[in-house]
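**Q** Before we start, here is the structure in question, set down as structure tokens.
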């Protein structure tokens with residue numbers, strides 16, 4: 001049945017449905033990435049970001065939509081991964097600020113909130129690019145605003161918002177030539193369109209489209225994912241167990257019409273309304289055969305007894321959250337005592353890398369802490385915040401080593417307990433070059449400037465295999481062929497890894513080149529690296545060449561020239 005206003009019940013359902021939709025469509029969204037490198041992780045990043053937001057909403061005890069929206073924005077921000085995840089978090093940051101004082105939302109509230117989300121998202125990007133998720137949210141906001149001027153029907157407004165998003169999505173190839181060349185829509189825009197479609201389905205009482213190619217009922221197929229959540233966020237470390245109002249996380253599945261205590265046929269509203277006063281964080285998801293229940297309560301026995309009136313119970317799980325919190329606090333205190341016994345460093349450097357060899361290489365140059373991640377798994381804002389806060393340092397520098405981590409790192413600057421600066425390293429070679437410029441006795445600010453200035457002195461090359469057929473800049477790329485990518489641009493195509501590496505190196509060298517570093521990872525080898533070394537010395541026998549084992553995924557060979 002369509003709704004007339006958004007209450008906390010509808011808001012919870014909208015968020016959880018969007019999280020499932022993004023998760024189930026992550027690979028499809030990934031496939032829309034234009035670059036044929038296995039770093040097409042827009043879908044993965046948006047899914048993980050939304051999953052974090054959904055957990056915060058599930059754990060929120062607020063009884064207003066404004067409070068739930070703030071929890072969503074906080075969860076999205078802390079879980080934001082990659083540029084797409086950060087922009088998604090900023091959309092809902094603007095939305096949440098607009099509705100934070102609202103108990104429920106009407107049509108006008110909804111339209112104004114989406115407008116506020118679009119404005120915040122545009123402001124968060126230094127150079128907004130049309131044909132992206134920004135265009136999609138702007139069109140959606142405009143469409144919702146126009147509809148709200150004509151009607152107070154919130155479902156019609158949400159319909160218009162969704163339609164506006166999809167119309168904008170269809171136009172993205174006309175706004176970004178590279179999308180048109182490859183024949184895809186913008187991946188981030190598609191992710192947002194999925195989120196808005198999920199919202200629209202919930203408000204219309206429809207089944208949610210959780211797969212790009214088929215309709216399935218989110219409530220029957222993905223209920224375990226929505227209800228069976230981990231309630232231990234790191235932020236809980238300072239929560240006093242006595243402050244937990246409802247101490248038992250109670251979960252159950254009711255099989256309708258079964259069991260000796262069965263009395264009532266299932267009716268969603270009456271079932272939900274009985275449970276609502278018993279606690280908070282209530283979520284009831286059902287299909288024709290079962291209902292799954294999650295609630296924080298002081299009376300788990302009443303919850304179970306109520307469920308038995310509608311059928312028998314399976315998958316019962318009751319956790320004492322006060323006891324769990326005591327354990328969390330004990331562990332945190334032990335960690336704090338350990339950290340307090342060590343004198344804080346004046347300045348720590350945190351580098352994002354994937355691969356044991358690269359970790360050792362960066363640490364040998366002075367990096368103090370590592371965040372594991374990079375090309376195929378971007379760390380979240382929360383990952384970076386936690387790494388900075390746990391670095392036991394008075395000041396911190398972060399090396400992202402991937403441009404898709406820039407926004408998450410920049411967001412972390414506003415959330416950390418210690419002064420932090422980002423050195424905008426786009427590649428592993430730039431990260432290594434930045435470390436050569438680091439001065440341990442200079443200030444945080446001076447080091448940032450010096451290290452940033454050094455990035456232009458290195459040429460970065462990466463070799464990998466194409467994961468799909470495509471055409472970019474008049475290059476006809478076939479799946480499985482090897483690409484030599486120089487400073488983000490595909491310069492070489494070859495059938496073998498060795499040929500691609502050698503030809504890429506030739507394109508990187510010039511008369512001023514002095515040093516070459518070759519790092520081999522998964523799919524590469526020392527012998528291949530030495531073949532590249534031999535080819536380089538044939539070109540210029542005065543080059544200084546180093547070979548390292550990096551163990552990095554995605555790129556069998558990474559080469560830098562200075």
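**Q** Out of the residues in segment 414-429 that are in contact with a helix residue (DSSP H, G or I) (Cβ under 9 Å, 6 or more places away or on another chain) and not in a loop (DSSP other than H, G, I, E, B), which is surrounded by the most Cβ atoms within 10 Å (Cβ to Cβ)? Write out each step before concluding.
**A** Filtering segment 414-429 for residues in contact with a helix residue (DSSP H, G or I) (Cβ under 9 Å, 6 or more places away or on another chain) gives 415-428.
Retained after the next criterion (residues that are not in a loop (DSSP other than H, G, I, E, B)): 420-422, 428.
On the way: 420: 27, 421: 18, 422: 21, 428: 31.
It comes out as 428.
**Q** Follow-up question, since we're still on this one. For segment 470-488, give me the residue count where each residue is part of a strand (DSSP E or B) and surrounded by 11 or more Cβ atoms within 10 Å (Cβ to Cβ).
**A** 10
**Q** Criterion first (assigned to a strand (DSSP E or B), assigned by TED's automatic domain parsing to the domain that holds residue 452 and more than 18 Å from the chain's Cα centre (by Cα)) does residue 371 satisfy it?
**A** Values: assigned to a strand (DSSP E or B): yes; assigned by TED's automatic domain parsing to the domain that holds residue 452: yes; more than 18 Å from the chain's Cα centre (by Cα): no.
The answer is no for residue 371.
**Q** So which of 498, 546, 491 ends up being within 34 Å of the chain's Cα centre (by Cα) and either within 17 Å of residue 361 (Cα to Cα) or crowded, with 17+ Cβ neighbours inside 10 Å (or both)?
**A** On the way: 498 fails: within 34 Å of the chain's Cα centre (by Cα); 546 fails: within 34 Å of the chain's Cα centre (by Cα).
It is 491.
**Q** Moving on. Only one residue in 297, 253 is within 32 Å of the chain's Cα centre (by Cα), modelled with pLDDT of 90 or more and outside the structural domain of residue 198 (by TED's automatic domain parsing), so which one is that?
**A** Exactly one of 297, 253 is within 32 Å of the chain's Cα centre (by Cα), modelled with pLDDT of 90 or more and outside the structural domain of residue 198 (by TED's automatic domain parsing), namely 297.
**Q** Something else about it: Quick check: anything in segment 199-210 modelled with pLDDT of 90 or more, over 30 Å from residue 324 (Cβ atoms) and within 20 Å of the chain's Cα centre (by Cα)?
**A** Yes - at least one qualifying residue is present in segment 199-210.
**Q** If residue 478 satisfies all but one of (1) on the phi < 0 side of the Ramachandran plot; (2) without any contact (Cβ under 8 Å) to a residue 12 or more places away in the chain, what's the number of the condition it fails?
**A** (2)
**Q** Scanning for something more than 24 Å from residue 478 (Cα to Cα), touching a residue at least 40 places away in the same chain (Cβ under 8 Å) and in contact with a strand residue (DSSP E or B) (Cβ under 8 Å, 6 or more places away or on another chain), does segment 493-510 turn up at least one residue?
**A** Scanning segment 493-510, I find at least one residue that is more than 24 Å from residue 478 (Cα to Cα), touching a residue at least 40 places away in the same chain (Cβ under 8 Å) and in contact with a strand residue (DSSP E or B) (Cβ under 8 Å, 6 or more places away or on another chain), so the answer is yes.
**Q** Let me ask something else. For segment 413-424, how many residues are modelled with pLDDT under 95 and over 19 Å from residue 345 (Cβ atoms)?
**A** 2
**Q** Taking the residues in segment 376-404 that are part of a loop (DSSP other than H, G, I, E, B) and under 13 Å from the mean Cα position of the chain (by Cα) as candidates, determine which candidate is surrounded by the most Cβ atoms within 10 Å (Cβ to Cβ).
**A** Looking only at segment 376-404, we keep the residues that are part of a loop (DSSP other than H, G, I, E, B), and these are 376-379, 390-392, 394-395, 400-402.
Going one step further and asking which of them are under 13 Å from the mean Cα position of the chain (by Cα), we end up with 376-379.
Values: 376: 14, 377: 19, 378: 29, 379: 25.
Among residues in segment 376-404 that are part of a loop (DSSP other than H, G, I, E, B) and under 13 Å from the mean Cα position of the chain (by Cα), the one surrounded by the most Cβ atoms within 10 Å (Cβ to Cβ) is 378.
**Q** Name the residue, out of 432, 505, 407, that is in a helix (DSSP H, G or I), touching a helix residue (DSSP H, G or I) at 6+ places or on another chain (Cβ under 8 Å), surrounded by 19 or more Cβ atoms within 10 Å (Cβ to Cβ) and not assigned by TED's automatic domain parsing to the domain that holds residue 372.
**A** 505
**Q** When you check residue 285 against the structure, is it assigned to a helix (DSSP H, G or I), buried (at least 18 other Cβ atoms within 10 Å of the Cβ) and at pLDDT below 85, yes or no?
**A** Spelling it out, it is not the case that residue 285 is assigned to a helix (DSSP H, G or I), buried (at least 18 other Cβ atoms within 10 Å of the Cβ) and at pLDDT below 85.
**Q** Here's something else I'd like to know. Identify, please: which residue in segment 151-195 is buried (at least 17 other Cβ atoms within 10 Å of the Cβ) and touching a strand residue (DSSP E or B) at 6+ places or on another chain (Cβ under 8 Å) and is, among those, modelled with the highest pLDDT?
**A** If we take residues in segment 151-195 being buried (at least 17 other Cβ atoms within 10 Å of the Cβ) and touching a strand residue (DSSP E or B) at 6+ places or on another chain (Cβ under 8 Å), then 154 is modelled with the highest pLDDT.
**Q** So, one more: Looking at 213, 231, which is the one that is modelled with pLDDT under 80, surrounded by fewer than 17 Cβ atoms within 10 Å (Cβ to Cβ), under 21 Å from the mean Cα position of the chain (by Cα) and not in a helix (DSSP H, G or I)?
**A** Sole residue among the options that is modelled with pLDDT under 80, surrounded by fewer than 17 Cβ atoms within 10 Å (Cβ to Cβ), under 21 Å from the mean Cα position of the chain (by Cα) and not in a helix (DSSP H, G or I): 231.
**Q** Residue 8 - would you say it is surrounded by fewer than 24 Cβ atoms within 10 Å (Cβ to Cβ) and closer than 23 Å to residue 148 by Cβ?
**A** Taking the combined requirement at face value, the residue satisfies it.
**Q** Would you tally the residues in segment 435-448 being assigned to a loop (DSSP other than H, G, I, E, B) and in contact with a strand residue (DSSP E or B) (Cβ under 9 Å, 6 or more places away or on another chain)? Before you say what the answer is, go through the steps one by one.
**A** Filtering segment 435-448 for residues assigned to a loop (DSSP other than H, G, I, E, B) gives 437-443.
Checking which are in contact with a strand residue (DSSP E or B) (Cβ under 9 Å, 6 or more places away or on another chain) leaves us with 438.
The total comes to 1.
**Q** Would you confirm whether any residue within segment 121-128 is under 22 Å from residue 377 (Cα atoms) and surrounded by fewer than 24 Cβ atoms within 10 Å (Cβ to Cβ)?
**A** Checked against the condition, which is being under 22 Å from residue 377 (Cα atoms) and surrounded by fewer than 24 Cβ atoms within 10 Å (Cβ to Cβ), segment 121-128 yields at least one hit.
**Q** Checking the conditions here, which among 59, 142, 45 is surrounded by fewer than 22 Cβ atoms within 10 Å (Cβ to Cβ) and touching a strand residue (DSSP E or B) at 6+ places or on another chain (Cβ under 7 Å)?
**A** Going through 59, 142, 45 in turn, the sole match is 59.
**Q** Which of the residues belonging to segment 126-141 are farther than 17 Å from residue 73 by Cα and touching a residue at least 40 places away in the same chain (Cβ under 8 Å)? Reasoning before the result, please.
**A** Of segment 126-141, the ones farther than 17 Å from residue 73 by Cα are 126-136, 138-141.
Correct list: 129, 130, 131, 132, 133, 134, 135, 136, 140.
**Q** To continue, here is another question. Counting residues that are without any contact (Cβ under 8 Å) to a residue 24 or more places away in the chain and under 24 Å from residue 189 (Cβ atoms), which helices (runs of 4 or more DSSP H) fully inside segment 1-114 reach at least 1?
**A** 26-31, 65-79, 82-99
**Q** Among (1) more than 29 Å from residue 471 (Cβ to Cβ); (2) touching a residue at least 24 places away in the same chain (Cβ under 8 Å), which single condition is residue 486 missing?
**A** Failing condition for residue 486: (1).
The values are calculated or read from the model by the stated rules, or taken from the named source; none is laboratory data. If you're wondering where the values come from, they're calculated on a predicted model, not measured in any experiment. Virtual Cβ from ideal backbone geometry, glycine too; neighbours counted across all protein chains shown.
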